[in-house]
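Notes to accompany the following structure.
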Amino acid sequence: VAAPRAAAVPAQRPWWLLVAPLAALAWAASFPVFGAPLVALLLACAAAVWWQPRWALFIVPAALPLIDLAPWSGRFFWTEFDLLLAMCLGVAAVRTPPRASSPTGAPALAWAFAVFGVCLLVSALLPLWPWPGWDDNSLASYTSAFNGLRIAKGAAWAGLFVLLWRRLPSAGQARERSFSAGMLAGLAGTVAWVLWERVTHVGLLDFSADYRVTGPFSVMNKGGAYIECYLAVASAFAVDRVLAARHLAERALALALLAAAGYAVLVTYSRGGYAAYAVMALGSLMLVALRAGPAQRLLAAVTLTGLVLLGAVALLALPAGGGYARERLERSAHDLAVRQAHWDDALQLRTERSAQAILFGDGLGRFPWLHYWRSQEPVLAAAYALGREGGAAGVAETRFLRLAPGATIYIEQVLPGAPTGPLRLTAVLRSAQPEPQPELGVSLCHKSMLTSVGCSQASLAPPPEATGDWRSAQAVLDPPPLRPGARPGGPTVKLSIATPAGEDTVDVARLSLRDDQGREWLANGDFGAGLDRWFFATDVDPPWHVHSLPLSVWLEQGALGFLAWGAVLALGLGRGLRLAWRRGAAAPAALWAAIAFLVVGTLNTLIDEPRFLFLLLVLVWLAARKARRVGPAGGTPPVRQTRQAGTAPVVSRP
């Protein structure tokens, strides 16, 4: 007689993990802008993940490019994307009971990731020894000693995301499909943003204007190749959807998205982006053509032919368009020489030859600081810092922003609307030297991130008769003119304050921007809340990036970090290539997405942004995942019943 089955013991849920979602809600409620919508978004995500924990695998990649409020909030150390990750991962972990973890099948890769994590953490902590102290600037600048921790949290989030993935029950390829759908949603949102940006500022078919799209990525404020990298990476999942779609409508939508993404890459005018997009498309389609059946092979060939024709038309149209498009293509050799000189300078920044510096580098995220203080290049970045004085013995405290000269930085704030009449900007200024009078350039522009369209400019300077330490200054700014054909209120309007052009620093305080009716258009003009609502942008990007992912790792993370990165990429992508060739990869699109990332990374750093470090690590891990065989119901394979020798089956009698 069969033994009675033991009653199942309910798993204890780790309710303490809800501390992270609750803290995220509290932080979101105190956000300097869009606090209520952000709280509502987090609650909606929490409800979706609680109902179905696998939704976290969709929400996170979909939100990665789109939930970026830094230009409005001014916060880029701890962002709304971090809050969303804390909410989704925390709720999903509570909602999903723990289960026995199955072996990965790649223990060498698991060890490589573990060593990589240790090396990254050590490099992130190096700038904090000895302890630099905490002040108003600790979370306000990329030159902060805490910048390494800002970057390293991308790897920490990636680790938690992978742990959640492994914790979720596997049902066929449901997890991979959720992640792929999230990447496609993020790609669609990014392409829509690019189309809006083009229509609003220059027009869809104007390839002669020197306007490079930046999309929803606030990290483009200091240049870089983030948008073209993301477009090429996410397009790999569109290619996969074209080949794997079961319905004609689904395939047509994927093809349309892939073509729109190609246009978006085109108008970045990034030669590295073009190369990454081509490698991604050609590699993934050729692999399918070699290993797939006749129907998929034909579809891959048709798609490949279409992309080749589209690329050929683009290459012919760009030079014919004249202006900026032709200039970018003709300047390729010169730009490469400039970048090589920049790399030579970067290699000289490590003045200390100690064993610590050789093994662990100068510290994660330390390049902007190293370049500012040690670079021999003729152009160094300008600088900014918060300061305060007074506040004791009955003297009112004054908070101010100190601006130092160099390659121009624009301190900016997005206005809450489009002004219809002239605005009067007032402030108090102080210079390191009493004479000549301190002066700052200010502008009111239609601006997405880097390129301004239709600016109204003025000079913020005290009147000649002004005396004293702090001197009152004012300027009048007219509303920026709209481009013909642009919708009123379409483009964002930003007030920009440029760093000084001379050799002296200038302190600015008590900023106010009012119209004729007395309405205040600025928030936090007295810097009482630090740099909330203020963000910055610059046209000169070499001081902020090494412009090479391998060289950046070598400089900031040392020999051990370099070897750890090499092991992770070699083992992960090598295993991914083998699985893809044998048609055993769980997510073949992740392999070509990671390769496209690295193609852009040959001439750009990329991993100095936490979201992109998170994306690369997740893609490498996902590329190395082997597809699991499942039973007919989508669960685990059924267990075969075998009869032991010398025994008879037990029959239950009534």
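The values are calculated or read from the model by the stated rules, or taken from the named source; none is laboratory data. All of these numbers come straight from a predicted model, not from anything done at the bench. Methodologically, a virtual Cβ is constructed for each residue, glycine included, from the backbone with ideal geometry; neighbour enumeration extends over all protein chains shown. Please note that ligands, DNA and RNA were not included when accessible areas were found on the heavy atoms of the full protein model with its side chains. Shrake-Rupley method; radii C 1.70, N 1.55, O 1.52, S 1.80 Å.
Just to be sure, is Ala594 buried (at least 24 other Cβ atoms within 10 Å of the Cβ) and modelled with pLDDT under 95?
No; evaluated as a whole, the condition is false for this residue.
List the residue pairs whose Cβ atoms are under 9 Å apart, where the first residue sits in the stretch 206-225 and is within 21 Å of Phe81 (Cα to Cα), the second is of a type in the set (Phe, Trp, Tyr) and assigned to a loop (DSSP other than H, G, I, E, B), and the two are 6 or more positions apart or on different chains.
Ser218/Phe76; Val219/Phe76; Asn221/Phe76; Lys222/Tyr142; Gly224/Phe217
When you go through (1) closer than 26 Å to Phe81 by Cα; (2) more than 22 Å from the chain's Cα centre (by Cα); (3) crowded, with 17+ Cβ neighbours inside 10 Å one by one for Arg575, which number turns out not to apply?
Looking at each condition in turn, Arg575 falls short on (1).
Could you list, in sequence order, the residues of the stretch 387-420 that are open to solvent by less than 20 Å² (accessible area, probe 1.4 Å) and either part of a loop (DSSP other than H, G, I, E, B) or of a type outside the set (A, V, I, L, M) (or both)?
Matches in the stretch 387-420: Gly387, Phe400, Glu412, Gln413, Leu415, Pro419.
Residue-by-condition table, conditions (1) farther than 24 Å from Arg75 by Cβ; (2) charged (D, E, K, R):
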| position | (1), (2) |
| --- | --- |
| Ala337 | yes, no |
| Ala346 | yes, no |
| Arg350 | yes, yes |
| Asp362 | yes, yes |
| Leu370 | yes, no |
| Leu386 | no, no |
| Glu397 | no, yes |
| Ile411 | no, no |
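For the stretch 424-481, which fully contained strands (runs of 3 or more DSSP E) count at least 3 residues that are open to solvent by 20 Å² or more (accessible area, probe 1.4 Å) and among the hydrophobic types (A, V, I, L, M, F, W, C)?
452-460
Can you tell me how many residues within the stretch 233-281 are surrounded by fewer than 24 Cβ atoms within 10 Å (Cβ to Cβ) and aromatic (Phe, Trp, Tyr)?
3
Tell me the residue from Ala48, Ala11 that is aliphatic (A, V, I, L, M), open to solvent by 20 Å² or more (accessible area, probe 1.4 Å) and modelled with pLDDT of 95 or more, please.
Matching residue, one of Ala48, Ala11: Ala48.
List the number of the failed condition for Ala509; all other conditions in (1) closer than 27 Å to Leu380 by Cβ; (2) open to solvent by 30 Å² or more (accessible area, probe 1.4 Å); (3) in contact with an Asp or Glu (Cβ under 9 Å, 6 or more places away or on another chain); (4) not basic (Lys, Arg) hold.
Among (1) closer than 27 Å to Leu380 by Cβ; (2) open to solvent by 30 Å² or more (accessible area, probe 1.4 Å); (3) in contact with an Asp or Glu (Cβ under 9 Å, 6 or more places away or on another chain); (4) not basic (Lys, Arg), the lone unmet condition for Ala509 is (2).
Inspect the stretch 73-83 for any residue being touching a residue at least 12 places away in the same chain (Cβ under 8 Å), at positive phi and crowded, with 21+ Cβ neighbours inside 10 Å and give the result as yes or no.
Yes - at least one qualifying residue is present in the stretch 73-83.
Hey, does the stretch 229-247 have a residue that's within 26 Å of His547 (Cβ to Cβ), assigned to a loop (DSSP other than H, G, I, E, B) and not β-branched (Val, Ile, Thr)?
Looking through the stretch 229-247, none of the residues is within 26 Å of His547 (Cβ to Cβ), assigned to a loop (DSSP other than H, G, I, E, B) and not β-branched (Val, Ile, Thr).
Each row is one residue, and each column tells you yes or no for (1) of a type in the set (A, V, I, L, M, F, W, C); (2) within 19 Å of the chain's Cα centre (by Cα).
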{"site": "Gly223", "(1), (2)": "no, yes"}
{"site": "Tyr226", "(1), (2)": "no, yes"}
{"site": "Ala244", "(1), (2)": "yes, no"}
{"site": "Arg251", "(1), (2)": "no, no"}
{"site": "Tyr263", "(1), (2)": "no, no"}
{"site": "Leu266", "(1), (2)": "yes, no"}
{"site": "Gly272", "(1), (2)": "no, yes"}
